[in-house]
Amino acid sequence: MSHRRLLALALALVCALTGVTALTGPGTASAAASSRSAFTSLQLGDTGWRVRELQSRLHQLDLHSEVVTSRFDRETQAGVATFQRRRGWRADGVVDQRTWRRITRLTTEPTTEALHNVYTPGRPLLQRGDSGMWVRQVQARLQQVRWYDGEVTGRYAASTVKAVEGFQAKRRIPVTGQVDRRTLSRLKEMTRQPTRAELFNIVPSGPALDPRCTTGRAMCVDKTSRSLRWVVDGVVRKSVEVRFGSDELPTREGAFAVFRKSRDHVSSLYDTPMPFAMFFSGGQAVHYSPDFAANGYDGASHGCVNVRDRAAVEWLFDQVRIGDKVIVYRS
């Protein structure tokens with residue numbers, strides 16, 4: 001082979017190698033960088049199908065309710081933050097690429113049914129014809145959330161079936177009238193352990209009124225029994241169940257007076273509705289709480305006295321006057 005022919009082959013080889021280098025060098029790095037930058041974080045306020053998938057995967061990790069909504073709400077943010085905190089990451093509740101990859105690695109692809117809130121009824125734990133203490137427990141808990149208004153009998157009859165059906169329909173659980181694991185778990189989340197009086201229909205005399213409540217007009221708020229009693233001249237005119245603030249934001253105890261009423265109040269601090277608000281200490285008030293009505297004692301206020309019976313608190317709002325006493329105590 002001539003010298004000129006060898007030189008031509010060498011130049012062709014160099015060009016080929018240079019071309020390969022160009023293809024696998026800067027261009028590939030640019031593509032990888034582009035792939036990394038293509039991920040869009042998910043955060044509070046976002047909507048869409050990716051949020052629905054995120055919520056379903058969080059549910060698999062017990063960090064979100066079974067119901068998915070496509071709205072990145074506070075519940076979703078709290079679930080993401082908890083997931084991050086458990087791994088020692090910055091718990092800001094924002095789904096960045098690292099968080100998303102770890103969540104998807106630990107979960108399975110959500111089913112079509114899960115993504116569309118289509119649930120299959122679970123195996124019945126309790127159903128019509130059953131009897132015993134477990135039935136009493138369910139009936140008493142249903143009474144707490146105002147779905148069962150009969151006596152606690154321990155017999156799973158038509159009235160119990162109807163109450164369970166109503167509870168299930170409200171929470172988008174398959175309506176069967178039977179208590180499966182999903183129904184029982186949701187009911188327990190929203191209620192407290194029934195007392196013996198609730199289980200056996202014992203009408204209690206109730207805890208003693210604080211002496212400061214026995215004269216004049218007073219909202220007597222007992223943290224121990226989680227009750228508010230409207231008392232006029234020592235006579236209890238109305239009694240309602242109430243919820244208080246958390247350990248971080250406790251409801252203040254002591255003797256106060258109503259200094260302001262606001263029928264359609266909205267909190268300027270938390271931007272949440274506080275209908276029929278009766279203020280007694282700074283920003284703390286007695287008011288109706290939609291969250292308490294929906295979720296029971298699975299939560300807390302920001303220091304206010306929450307009432308979940310809207311009709312009762314509306315009636316109370318019309319009775320209470322500016323200057324009436326508010327006594328918050330433990331019996």
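The values are calculated or read from the model by the stated rules, or taken from the named source; none is laboratory data. This structure is a prediction, so every number in the text was calculated from the model and none was measured. Cβ sites come from the backbone with ideal geometry, for glycine too, and all protein chains shown count toward neighbours. Just the protein is used for accessible areas: all its heavy atoms, side chains included, with ligands, DNA and RNA removed. Shrake-Rupley method; radii C 1.70, N 1.55, O 1.52, S 1.80 Å.
Which order do Trp230, Trp100, Trp134 take when ranked by solvent-accessible area (1.4 Å probe, heavy atoms of all protein chains), largest first? Kindly include the intermediate steps, with their values, before the conclusion.
Working: Trp230 5, Trp100 40, Trp134 155 Å².
Reading off the accessible areas and sorting them downward yields Trp134, Trp100, Trp230.
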Legend entry - Linear extension gain, Asp318 paired with Leu199, 0.36 nm per residue minus alpha-carbon span: 39.5 nm
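Keeping the other protein chains in place, figure out the carbon and sulfur percent of the accessible area of the chain, with a 1.4 Å probe.
Working: 9740 of 18360 Å².
On the chain, the fraction of accessible area on carbon and sulfur atoms equals 53 percent.
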Inset, instruction - Would you work out the charge dipole size for the chain about its Cα centre, treating the Cβ of every Lys and Arg as +1 and the Cβ of every Asp and Glu as -1, and quote it to the nearest 20 debye? - result: 660
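Can you tell me what percent of all Cα-Cα pairs in segment 188-257 are more than 15 Å apart? Could you put the intermediate results ahead of the total?
Working: 1497 of 2415 pairs.
The share of Cα pairs beyond 15 Å in segment 188-257 comes to 62 percent.
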Inset, instruction - Grab the DSSP H runs of the chain that are 4 residues or longer, score each as -39,500 (n - 2.57), total them, divide by all residues and round the 222 nm result to the nearest 500 deg cm²/dmol. - result: -11500 deg cm²/dmol
Legend entry - Label-point separation, Glu151 to Gln60 (7 Å along Cα→Cβ), nm: 5.0
Legend entry - Tilt relative to the chain, helix 158-170 - C-alpha long axis, 0 to 90 degrees, to 10: 40
Inset, instruction - Could you work out which residue, out of Arg90, Arg252, Arg141, moves most in a Gaussian network model of the chain, that is, has the largest mean-square fluctuation with Cα springs under 10 Å? - result: Arg90
Inset, instruction - Rounded to the nearest 10 degrees, what's the angle between the helix 97-106 long axis and the longest principal axis of the chain, both from Cα atoms, 0 to 90? - result: 80
Inset, instruction - Determine the distance separating the Cα centre of segment 143-216 from the Cα centre of segment 262-307; give it in Å without decimals. - result: 23
Legend entry - Option label - Rg and Dmax of the Cα atoms in Å computed here, alternatives (i) 30.0, 122; (ii) 27.7, 111; (iii) 25.0, 94: (i)
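Quick one: length gained pulling Met133 to Leu115 fully straight, 0.36 nm per residue minus the C-alpha distance? Mind dumping the intermediate values first?
Working: separation 18, 0.36 × 18 = 6.48 nm, distance 3.62 nm.
That pair, Met133 and Leu115, stretches by 2.9 nm at full extension.
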Legend entry - Selected from Ala208, Ala300, Ala218 as most flexible by GNM, with the chain as the system and alpha-carbon contacts under 10 Å: Ala208
Inset, instruction - At 1.4 Å probe size, with every protein chain present, just tell me what the per residue accessible area of segment 242-329 comes to in Å². - result: 46
Inset, instruction - Could you tell me how many degrees, from 0 to 90 and to the nearest 10, lie between the Cα long axis of helix 133-144 and the main elongation axis, the longest principal axis, of the Cα atoms of the chain? - result: 80
Legend entry - Dipole of the chain [Lys/Arg +1, Asp/Glu -1 at C-beta], most positive-end residue of Gly206, Gly323, Gln77: Gln77
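For the chain, which longest stretch is free of loop sites, where a loop site is one of the GluC sites (Glu not before Pro) that DSSP puts outside H, G, I, E and B and that has at most 12 other Cβ atoms within 10 Å? Please list the in-between numbers first.
Values: sites that count: Glu151, Glu248.
Free of exposed loop sites, the longest segment is 1-150.
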Inset, instruction - Determine the gain in length on full extension of the stretch Val175-Leu106; use 0.36 nm per residue of separation and subtract their C-alpha separation, reporting nm with one decimal. - result: 21.7 nm
Inset, instruction - Leaving ligands, DNA and RNA out of it, rank His116, His287 by accessible area with a 1.4 Å probe, largest first. - result: His116, His287
Inset, instruction - Along Cα→Cβ, 7 Å out, is where each label goes; now give me the distance between the ones at Glu165 and Arg85 in nm to one decimal. - result: 4.2
Inset, instruction - Let me have the relative contact order for the chain, percent, based on Cα pairs under 8 Å that are six or more residues apart. - result: 12
